[in-house]
Amino acid sequence: MEDILILILQALGEFLLELLAWAPWDWFWYWGPSKWEPPSRSEPYWAAAIASMTMGALLGWGSIYILPTVLVKWSWLRVALLFVSPPTSGLIAREMARWRQQRDTSVNLTIHFLIGLCFSIGFVWVRFALAHRPG
């Protein structure tokens, strides 16, 4: 039972660390470029994706100096978080944007999903590659 609780708390801790790093980036995109000029539906989002992935990787790299070891001790869970965290972050970003859309109809759900997904990919993969593993 104790191992299950540790498993849940470690996975939650890793995910919350990622969300804390990602939230300011999402607010930038809400108040920044997507607010200034709503993109058309046909506009490619590659620039936002590259910027988000780069920012996520930079913050992931910077987080290594604050928390140099991995938070999750099980390797299988670290690998699972590599694939679960990005789409989950994207879905959370989209739902937050949907909530904001009630007050402001110019909020673009697609770009918020994309920046959440790409930021998380950069952050999680850099932490996976560079964080020190115990043992």
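The stretch between ALA80 and ARG100 holds 4.2 nm of extra length on full extension. This uses 0.36 nm per residue minus the Cα-Cα distance. Taking 0.36 nm per residue of sequence separation and removing the Cα-Cα distance, the ALA47/ALA129 pair yields an extension gain of 27.1 nm.
Report the FRET efficiency, 1/(1 + (r/R0)^6), for ILE4 and TYR65, where r is their Cβ-Cβ distance and R0 is 41 Å, rounded to 0.05. Could you put the intermediate results ahead of the total?
Numbers: r = 31 Å, r/R0 = 0.76.
Efficiency at R0 = 41 Å is approximately 0.85.
Read the figures in this text as sums done on the coordinates, not as results from a lab. None of the values given here were measured: they were computed from a predicted structure. With ideal geometry, Cβ positions are generated from the backbone for all residues, glycine too; neighbour counts draw on all protein chains shown.
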